[in-house]
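S.K.: Could you have a look at this structure, given as structure tokens, before my questions?
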Amino acid sequence: MNVDATTTIRVLTACSLAGLLLGVGLRLRLTDVRDALRRSRMGWMMVANFVAVPALVLGLARALHLSRDVTIGMILLGAAPFAPVVPVFTRMAKGDLALAAGLTALFPFLAAPLTPFVCELCLKAVPEAKTLVFKPLTVLLVLASTITLPLGIGVAVNHWFPAVARRMCRPIEVLSEAAGLVSLVFVTVVEFESAIAIGWKALVAMAVAGELSLWLGYALGGPGVAARLVTALGSSNRNIALAVLVALDSFPDTPVTGAVVANGLWLIILGLIHVGFWRFCRSRAVDASELQGFSGGGQ
């Protein structure tokens, strides 16, 4: 990847991530975060997403003898939980949208300091990665400026100037979503060769990791199916933009970014399949309950 392409991807991805988090902050109230903390097993969710999932991804990659770059790409995704698409998937699956908004704001905030730390630990278990230089402090600064700062600004504006926040929110969301789409298409085109070269074993490993992460998140979710859908989707759908930024800053001129993109898109496809399945099941359950109520009322 040449310097111009790398810079373009970095700028588009950073703008998209910062814009999405600013938009989340503009809609977020501190009571939403407090409610999310109360209604979810936050301690266990942090352990699951920042310890169990990265360890699972690393274990599968090593067991299948995947290449160094594919393994690193999977680690970066494993350490980046709760993608910005989680609220969208939650709405489609008819889950708890308020909880999804709260956790989607909280987890990226936690990811800023924790993701570089988790990546550094996992990379020590990849002997082939010793020749590469991982820059945790640089990554921390990048994530703080693209996640923590815009999210904090959004929450502050919503708290002190709610009318301004309401006017700003939708235009910022539209612009950041457009930047994210352009960034994803651009990086896919640029990294197409390295993305398709990851092989079927990597996709199998990521599918297994995604499925196990989904059911782990579901098991650790709060009471009620709607809340469990949120924690399941958040644990299985990793933040591609965050992982791409880490890859570009620490592993430039390697196929790591392509591995992140390929596996990240694969997880989105699997997430959509799960959303469709859950939506179908919940619709059938509602229809069955209405039919039972109608039958009971007629007796």
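S.K.: Kindly indicate whether any position in the stretch 168-178 is touching an Asp or Glu at 6+ places or on another chain (Cβ under 8 Å), part of a helix (DSSP H, G or I), at pLDDT 85 or above and among the aliphatic types (A, V, I, L, M).
M.R.: Quick first cut of the stretch 168-178, residues touching an Asp or Glu at 6+ places or on another chain (Cβ under 8 Å) only: none.
Checked against the condition, which is being touching an Asp or Glu at 6+ places or on another chain (Cβ under 8 Å), part of a helix (DSSP H, G or I), at pLDDT 85 or above and among the aliphatic types (A, V, I, L, M), the stretch 168-178 yields no hits at all.
S.K.: Let me ask you something else. Of the residues in the stretch 160-174, how many are exposed (fewer than 15 other Cβ atoms within 10 Å of the Cβ) and within 14 Å of Ala18 (Cβ to Cβ)?
M.R.: 0
S.K.: Pick from the stretch 242-290 the residues that are modelled with pLDDT of 85 or more and over 30 Å from Ala129 (Cβ atoms): which of them is surrounded by the most Cβ atoms within 10 Å (Cβ to Cβ)?
M.R.: Among those that are modelled with pLDDT of 85 or more and over 30 Å from Ala129 (Cβ atoms), it is Val275.
S.K.: Looking only at the stretch 205-224, count every residue that is more than 14 Å from Gly59 (Cβ to Cβ) and surrounded by fewer than 17 Cβ atoms within 10 Å (Cβ to Cβ) and tell me the total.
M.R.: 6
S.K.: Can you tell me which residue is modelled with the lowest pLDDT among those in the stretch 93-108 that are within 18 Å of Ile240 (Cβ to Cβ) and among the hydrophobic types (A, V, I, L, M, F, W, C)? Write out each step before concluding.
M.R.: Here is the first cut: in the stretch 93-108, the ones within 18 Å of Ile240 (Cβ to Cβ) are 100, 103-105, 107-108.
Okay, now just the ones that are also among the hydrophobic types (A, V, I, L, M, F, W, C), so 100, 103, 105, 107.
Working: Ala100: 81, Leu103: 82, Ala105: 75, Phe107: 85.
Looking at residues that are within 18 Å of Ile240 (Cβ to Cβ) and among the hydrophobic types (A, V, I, L, M, F, W, C), I get Ala105.
S.K.: Which of the residues spanning the stretch 247-259 are aliphatic (A, V, I, L, M) and more than 21 Å from Ala178 (Cα to Cα)? If you could, list the steps in order and put the result at the bottom.
M.R.: Quick first cut of the stretch 247-259, residues aliphatic (A, V, I, L, M) only: 247-248, 256, 259.
Listed by number, the residues that qualify are Ala247, Val256, Ala259.
S.K.: Ok, one more. Give me the residue from the stretch 114-142 that is of a type in the set (Val, Ile, Thr) and not in a helix (DSSP H, G or I) and, out of that set, farthest from Leu77 (Cα to Cα). Break it down stepwise before answering.
M.R.: Initial filter on the stretch 114-142 (of a type in the set (Val, Ile, Thr)): 115, 118, 126, 131, 133, 138-139, 142.
Those still in the list that are not in a helix (DSSP H, G or I) too: 126, 133.
On the way: Val126: 15, Val133: 18 Å.
If we take residues in the stretch 114-142 being of a type in the set (Val, Ile, Thr) and not in a helix (DSSP H, G or I), then Val133 is farthest from Leu77 (Cα to Cα).
S.K.: Something else now. Residue check: is Leu267 hydrophobic (A, V, I, L, M, F, W, C), under 16 Å from Met74 (Cβ atoms) and in contact with a Lys or Arg (Cβ under 8 Å, 6 or more places away or on another chain)? Even if it seems obvious, please write down each step before you answer.
M.R.: Numbers: hydrophobic (A, V, I, L, M, F, W, C): yes; under 16 Å from Met74 (Cβ atoms): yes; in contact with a Lys or Arg (Cβ under 8 Å, 6 or more places away or on another chain): yes.
For Leu267, the condition - hydrophobic (A, V, I, L, M, F, W, C), under 16 Å from Met74 (Cβ atoms) and in contact with a Lys or Arg (Cβ under 8 Å, 6 or more places away or on another chain) - is met.
S.K.: Now a separate question. Starting from the stretch 151-176, keep only residues that are within 18 Å of Thr104 (Cβ to Cβ) and in contact (Cβ under 8 Å) with a residue 60 or more places away in the chain, then list their pairs with residues that are surrounded by 13 or more Cβ atoms within 10 Å (Cβ to Cβ) and among the aromatic types (Phe, Trp, Tyr) whose Cβ atoms are within a distance under 7 Å, requiring at least 6 positions of separation or different chains.
M.R.: Matching pairs, first to second residue: Leu151/Phe109.
S.K.: Counting only residues that are surrounded by 23 or more Cβ atoms within 10 Å (Cβ to Cβ) and of a type outside the set (Gly, Ala, Ser), which one in the stretch 23-48 is modelled with the highest pLDDT?
M.R.: Of the residues in the stretch 23-48, the ones surrounded by 23 or more Cβ atoms within 10 Å (Cβ to Cβ) are 23-26, 28, 36, 40, 45.
Remaining after also requiring of a type outside the set (Gly, Ala, Ser): 24, 26, 28, 45.
Details: Val24: 77, Leu26: 84, Leu28: 74, Met45: 88.
Ranking the qualifying residues of the stretch 23-48, first place goes to Met45.
The values are calculated or read from the model by the stated rules, or taken from the named source; none is laboratory data. Predicted model only: the values in this text are computed from it and were never measured. Because the Cβ atoms are built from the backbone with ideal geometry, glycine has one as well, and the counts that use them run over all protein chains shown.
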